[in-house]
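Q: Quick one: this structure, given as structure tokens, is what I'll be asking you about.
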Amino acid sequence: MRVFIGVSAVIVALTGCAKKESNVVIQGWHAEEEWSGQCFYHQNFATLGRGEVYDARQQSMDAMMSQWRGERNDGIQFDGEKVIQLETTMLGKMNLVDTIAGQNQKHCIDHFSGKADPQAWQNWFWSINGILTAGDCKTQPLNYTLFDYLDVGKGWQIPASVCEGDRVVISGSTIDYYRVSDDGPWINIAGDADNRAMGEEYPCTLEGCFVGALIVRFTDEVGNETILPVGLESVFLAPSHGKIEIRINDATYYDNVFKKEGSMIHHTSIEYNGEG
């Protein structure tokens with residue numbers, strides 16, 4: 001890892017006619033006379049080319065890491081394991097170095113100039129992970145296959161977390177039958193094609209939401225719900241982070257039974273084939 005411990009780089013541009021004025025751009029390690037330590041001044045990322053901005057971000061990250069680890073002997077040393085964790089996260093999100101470097105520079109200046117509470121910089125340091133992971137999916141993407149069995153006598157079931165963009169093929173066995181009323185037909189998860197669900201008592205009344213058909217509910221992280229028909233098979237594309245659950249499209253459960261043939265009772269298997 002490269003650690004930049006050199007003195008500040010000062011670029012001076014002189015402009016004007018009768019009276020010249022100077023615009024000083026500070027880059028690198030720098031401290032004012034009254035400060036008790038140096039702070040790293042990052043480059044203006046917005047003015048850099050694609051290759052330059054990558055190098056500038058790496059320099060800023062290396063500088064922050066060295067100071068957080070206590071390598072500058074300026075009285076600053078944060079939790080070592082947390083520094084390693086943040087470094088790993090930042091390497092995967094280099095575009096966020098711009099924000100972190102700017103905030104770190106301000107906290108450093110406030111600290112060494114005595115403008116802030118001595119604990120303020122460290123408190124901010126512990127909050128960085130939230131900045132870096134904002135909007136991230138908090139669970140593993142559904143990039144695996146999940147098997148289970150449908151219970152026609154209960155509501156929403158077989159929950160699985162999904163991340164935004166996950167593509168999940170939801171399907172079930174077609175040879176297993178049940179009925180949702182005492183005098184109703186034996187159906188599989190395609191539902192009763194002659195009986196479209198109507199009325200508020202049914203979870204799904206969209207086209208394809210037949211009585212007894214397999215349906216899916218997606219709930220996002222803030223509680224918004226979307227219910228869609230599945231039938232024999234359907235592809236669900238997660239619009240955001242959240243979870244999915246399935247059930248049959250029915251208003252009551254007490255009279256729902258699987259078909260029994262001799263000693264064998266049908267059991268509908270369910271599969272979530274996640275592609276992440």
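Computed from the coordinates by the stated procedures, all read-outs in this text should not be read as laboratory data. Keep in mind that this is a model prediction, so the values were computed, not measured. Cβ placement follows ideal geometry from the backbone for every residue including glycine, while neighbour counts extend to all protein chains displayed.
Q: If contacts are Cα pairs under 8 angstrom and at least 6 residues apart, what is the relative contact order of the chain in percent? Walk me through the intermediate numbers first.
A: Numbers: 507 pairs, mean separation 48.5, N = 276.
Relative contact order comes out at 18 percent.
Q: Residues with beta-carbon under 13 Å from that of D255, excluding D255: net charge, scoring Lys, Arg +1 and Asp, Glu -1? Write down the numbers at each step before the final one.
A: Values: positive: R179; negative: D182, D183, D250.
Once all neighbours under 13 Å are counted, the net charge is -2.
Q: If you wrap a convex hull around the Cα atoms of the chain, how much volume per residue is inside, in Å³?
A: Expressed per residue, the convex hull around the Cα atoms of the chain is 221 Å³.
Q: Right, something else. Scan around Q77 for amide H atoms under 5 Å from its own, H built in the peptide plane at 1.01 Å from N, and keep only partners 5 or more places away or cross-chain.
A: Amide H to amide H, under 5 Å and 5 or more residues apart or across chains, Q77 pairs with nothing.
Q: Checking the table K106/K243; K82/K243; K106/K138; K82/K115 against a 32 Å threshold on Cα-Cα, which pairs fail? Write down the numbers at each step before the final one.
A: Working: K106/K243 39 Å; K82/K243 30 Å; K106/K138 30 Å; K82/K115 26 Å.
Exceeds cut-off: K106/K243.
Q: Here is a follow-up. How would K260, K243 line up from fewest to most surrounding beta-carbon atoms within 10 angstrom? Mind dumping the intermediate values first?
A: Details: K260 10, K243 17.
Neighbour counts put them in this order, fewest first: K260, K243.
Q: Could you pull out the chymotrypsin sites (Phe, Trp or Tyr not before Pro) across the range 124-184 that fall in loop regions by DSSP (anything but H, G, I, E, B) with no more than 13 other Cβ atoms inside 10 Å? Intermediate values should be presented prior to the final figure.
A: Working: sites: W124, F125, W126, Y144, F147, Y149, W156, Y177, Y178; in loops: Y144, W156, Y177.
When the chymotrypsin sites (Phe, Trp or Tyr not before Pro) of the range 124-184 are filtered for loop state and at most 13 Cβ neighbours within 10 Å, Y144 remain.
Q: Against the longest alpha carbon principal axis of the chain, how many degrees, from 0 to 90 and to the nearest 10, is the axis of helix 80-91 turned?
A: It is inclined by approximately 80 degrees.
Q: Let me ask something additional. Show me the ranking of peptides 99-105, 32-38 by mean Cβ neighbours inside 10 Å, starting with the highest. Walk me through the intermediate numbers first.
A: Numbers: 99-105: 18.1, 32-38: 12.3.
So the peptides 99-105, 32-38, ranked by packing, come out 99-105, 32-38.
Q: Over all directions, average the projected area of the Cα convex hull of the range 9-133 and note it in nm². Working shown, then result.
A: Details: hull surface 35.9 nm².
Mean orientational projected area (the range 9-133, Cα hull): 9.0 nm².
Q: Take the range 196-245, drop everything but the C-alpha atoms, weight them equally and run the Debye formula without solvent; then report log10 I(q)/I(0) at 0.13, 0.18, 0.29 Å⁻¹ to two decimals.
A: For the range 196-245 at q = 0.13, 0.18, 0.29 Å⁻¹, log10 I(q)/I(0) is -0.31, -0.57, -1.10.
Q: To continue, here is another question. Listed highest first by mean packing, meaning other Cβ atoms within 10 Å per residue, what order do 60-66, 40-46 come in? Each step should come with its number before you reach the end.
A: On the way: 60-66: 21.3, 40-46: 17.4.
In decreasing order of mean packing, 60-66, 40-46 become 60-66, 40-46.
Q: Report the Rg/Rh value for the range 145-274, based on alpha-carbon coordinates and the Kirkwood definition of Rh.
A: On the way: Rg = 14.3 Å, Rh = 14.8 Å.
Expressed as Rg/Rh, it is 0.97.
Q: Still on this model: Compute the signed sum of charges (Lys and Arg +1, Asp and Glu -1) over the other residues within less than 11 Å, Cβ to Cβ, of H111.
A: Numbers: positive: K106, K115; negative: D74, D110, D117.
Once all neighbours under 11 Å are counted, the net charge is -1.
Q: Can I ask one more? Tell me the net charge near N143. Cut-off is 12 Å between Cβ atoms, N143 excluded, with +1 for each Lys or Arg and -1 for each Asp or Glu. Walk me through the intermediate numbers first.
A: On the way: positive: R167; negative: D166, E275.
Summing Lys/Arg as +1 and Asp/Glu as -1 gives -1.
Q: Report the full-extension gain for the segment D148 to T252: residue separation times 0.36 nm, less the Cα-Cα distance, to one decimal in nm.
A: On the way: separation 104, 0.36 × 104 = 37.44 nm, distance 2.20 nm.
Difference between extended and current length: 35.2 nm.
Q: Figure the gain on full extension for I265 and E32 (residue separation times 0.36 nm, minus the Cα-Cα span) and round it to one decimal in nm.
A: Working: separation 233, 0.36 × 233 = 83.88 nm, distance 8.15 nm.
Using 0.36 nm per residue and subtracting the Cα-Cα distance, I get 75.7 nm.
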